[in-house]
Each structure stands twice: as C-alpha cells, then as structure tokens.
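Engineer: Sharing a structure below in structure tokens format, with a few things to ask.
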Amino acid sequence: MDKKVTKIGVLTSGGDAPGMNAAIRAVVRTGIYNGLEVYGILRGYSGMVDGDIIKMESKSVANIIQRGGTILKTARCKEFYDLEGRTKAYKHLKKHGINGLVIIGGDGSFRGAQIFSNEFDMPCIGVPGTIDKDIAGTDFTIGFDTAVNTAVEAIDKIRDTMDAHDRLFVIEVMGRDSGYIALHSGIATGAENIIIPEKVTDIEDILDQLSEKERRQKLVNLIVVAEGKFGGANEVAKVIKERMPQQEVRVCILGHIQRGGSPSCFDRLVASRMGYAAVECLLEGRHNLFVGILNNRMHYIPLNEAVKKKQRISEDWMKIVKILSS
Ligand code: F6P
C-alpha cells in the first residue's frame, strides 16, 4: 500500500463516551484542512464490515461539539474478531480508497485496530474514548471527566436524602474493571469508603469502621462501589444489613446516566487535541499508535501497550479517602 495517506476513515467503537463527537469533529476538520478526504464509518467496526461508509464534509460535524453520544453511532462487533469479517471490512475501505484510519474507542477497539493494521498494512491511530479511564499511557480518556461530574452531581443529590434520614447509602458507579470513576467521584463527594477493583478491600474493616462511627452517632455514611466489585452495591448492602440490622441502608446504582449528556469543557478540549493529533500522526506517516496526554503534552503510544497495561492507583489515594472521611 502507498504509505502517503490521502483518504482517511474515522469511527467510534465500544461504549459511547461524552466528547466522542468533539473528537470526530476534530478529525474531520483537521483532515479536510490538510487536503484529505474524510469518511465516517458507521457503528464502529460493524459499519466497516457492512460497508456503511459516508463522506464527511466540514459541515457534517457542525453543531456537534456540545453533544453526547456519537453521530457515527457505535457498536461492539463480533464479526471483526474473525479474519473473514476483517477481510470484508478491508475490501470496503479499499473500494473507497481509504488508506488511514482513526479509531475512537477503548482498549478492545485498539486491539482490533492493531490486528487489522498488521494483517492489511492499514495505518491506524487510536484516540482513547472511554468513561472508564482504563488505558495506560494517558492521563485522560475522552468522557471520563463528564462521567465523573455526572456521578458527583447525582451523589450530591442523594446526600441530601442521606443526611435528612440519617441513612447509609451504597452507591454503585460504572467503570468495568477500573475503579477511577468510583475513586474520583467518591473523594469528591466525601465518601466514607470507596471499593474499587484495584485494591483489596476487607469488608470486615468496613463493618468495623461503621460500628465505630455508630458509637460516635455518625449515622450518615456513603460507600461508593465500582461495579462488579464484591458483586456490586447490592451485595455490599446485603452484608451490611445482615451484620448491622439497625442501620438504615439504601442502594443506588447510577448506571448508564454516567455515559450520556453534554461533554464537559475539559472533555471537549481533550477530544479536540487528541482528534487533531491523530490526523497529524497519519500525515507524518506514523502507524499503530494511540494518542495520549501525559503531563499536559501529547504522547504517542504503541497500540499494543494500551492493550497490555492497566492504570495503577497509588496508595496515596486510599490514604486521602481514609483521612478526609474520618
Ligand atoms: O466501557 C464503558 C462502560 O459504560 C462500562 O463502564 C460498563 O461496564 C459497560 O460500558 C457497560 O456496557 P453496556 O452499555 O454494553 O451495558
């Protein structure tokens, strides 16, 4: 394949994240500015396999920077796991003359991009778009800031009820295998405990702390749990109710509310910078990287490193939770 990129495709893949539209806008307009033809691929890799590809103009991305979701739609595509599906996808790209791709999504999407790129010599650049912030090598992923702010807004509201009734609330937030939404929203809302997959939590410790707080007449308690951990908020609440039947316990699972809504200013900026950088990468002939931001500077990380590594959560964070909620 001629390495000079002239026509690029952009797609969003995996779970939608607020700010994906801002990233699409940045890719389309940076591409057009540099004389490229830009194509939107609908429904992630599914649209590539099915040939759902549309030409994008500057006006195609007007008035979307403030919108959540993704105008290109997104999906998790089973067919793309097989060589047959990927071959079909490649043929559709070839038909349009597309010789570079920008994939906006999470680590699963990057894994697909890497395999595809190696098989068909297709330059691919990833843009990390996920509310989970579970990609190593970047301080930010598109959508995380908005999701956390949505969680904080919801928890603040629940706190009013918690306080009015002297209740214990166990609130579950999203994040798949990552505890960042729980950690950030928990600290920002003054949670007494935060339960995340990255740290071993002894439920007995939590029960001891609750008993001690009960002795001090501190009945208002907030526990933020990352989904999946200990079977989620319902399971945590069940154990507390069994062992402390006198406690008034309520559960709230925030769910998909965290994925929607207008992106924060921060996510719009991150998305704009990353979308722009992704096209620059393709123009410079760089392949199989994803763009990240570390210490406020753009970084270019091999796609396979996003796949292998996970974020680490330092002990300091947990210390902060403990000291500030005492
Ligand atoms: O990856 C984003 C995310 O919202 C995770 O936090 C969550 O585990 C998952 O997607 C939910 O996926 P779905 O919308 O397919 O149920």
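Engineer: Can you tell me which residue among 191, 164, 136 is more than 18 Å from residue 263 (Cβ to Cβ), hydrophobic (A, V, I, L, M, F, W, C) and assigned by TED's automatic domain parsing to the domain that holds residue 267?
Structural biologist: 136
Engineer: Could you check how many residues of the range 2-53 are at positive phi and open to solvent by 10 Å² or more (accessible area, probe 1.4 Å)?
Structural biologist: Within the range 2-53, residues that are at positive phi and open to solvent by 10 Å² or more (accessible area, probe 1.4 Å) number 4.
Engineer: One residue is enough: does the range 177-186 have a residue meeting the conditions away from the ligand (no atom under 16 Å from the Cβ) and at pLDDT 95 or above?
Structural biologist: Within the range 177-186, none of the residues are away from the ligand (no atom under 16 Å from the Cβ) and at pLDDT 95 or above.
Engineer: Could I ask something else about it? Here are some conditions: (1) in contact (Cβ under 8 Å) with a residue 60 or more places away in the chain; (2) over 25 Å from the mean Cα position of the chain (by Cα); (3) open to solvent by 80 Å² or more (accessible area, probe 1.4 Å). Residue 253 meets all but one. Which one does it not meet?
Structural biologist: For residue 253, the failing item is (2).
Engineer: Just one of (1) in contact with a Gly (Cβ under 6 Å, 6 or more places away or on another chain); (2) over 19 Å from residue 126 (Cα atoms); (3) away from the ligand (no atom under 16 Å from the Cβ) trips up residue 55, so point out which.
Structural biologist: (1)
Engineer: Any chance you could count how many residues in the range 89-110 are within 14 Å of the ligand (Cβ to nearest atom) and in a helix (DSSP H, G or I)?
Structural biologist: Qualifying residue count for the region: 4.
Engineer: Counting residues that are at pLDDT 95 or above and farther than 30 Å from residue 203 by Cα, which helices (runs of 4 or more DSSP H) fully inside the range 243-326 reach at least 3?
Structural biologist: Result: 265-283.
Engineer: Test residue 76 against the criterion of being open to solvent by 50 Å² or more (accessible area, probe 1.4 Å), part of a helix (DSSP H, G or I) and within 16 Å of the ligand (Cβ to nearest atom), and give yes or no.
Structural biologist: In short, no.
Engineer: Restricting to the range 195-214, count the residues that are among the β-branched types (Val, Ile, Thr) and either open to solvent by 10 Å² or more (accessible area, probe 1.4 Å) or more than 16 Å from the ligand (Cβ to nearest atom) (or both).
Structural biologist: Counting residues in the range 195-214 that are among the β-branched types (Val, Ile, Thr) and either open to solvent by 10 Å² or more (accessible area, probe 1.4 Å) or more than 16 Å from the ligand (Cβ to nearest atom) (or both) gives 4.
Engineer: Please indicate, with yes or no, whether at least one residue in the range 218-240 is part of a helix (DSSP H, G or I), within 16 Å of the ligand (Cβ to nearest atom) and of a type in the set (S, T, N, Q).
Structural biologist: Within the range 218-240, one or more residues are part of a helix (DSSP H, G or I), within 16 Å of the ligand (Cβ to nearest atom) and of a type in the set (S, T, N, Q).
Engineer: Restricting attention to the range 117-151, which residues are surrounded by fewer than 24 Cβ atoms within 10 Å (Cβ to Cβ) and more than 16 Å from the ligand (Cβ to nearest atom)?
Structural biologist: 117, 118, 119, 120, 121, 122, 123, 137, 139
Engineer: Checking residue 285 against (1) away from the ligand (no atom under 16 Å from the Cβ); (2) touching a residue at least 40 places away in the same chain (Cβ under 8 Å); (3) touching a Ser or Thr at 6+ places or on another chain (Cβ under 9 Å), only one condition comes out false. Which one?
Structural biologist: (3)
The values are calculated or read from the model by the stated rules, or taken from the named source; none is laboratory data. Remember, it's a predicted structure, so these values are computed and weren't measured experimentally. Using ideal geometry, Cβ is built from the backbone for each residue, glycine included, and neighbour counts are taken over all protein chains shown. Quick note on the areas: whole protein, heavy atoms, side chains included, nothing else; ligands and nucleic acids left out. Shrake-Rupley method; radii C 1.70, N 1.55, O 1.52, S 1.80 Å.
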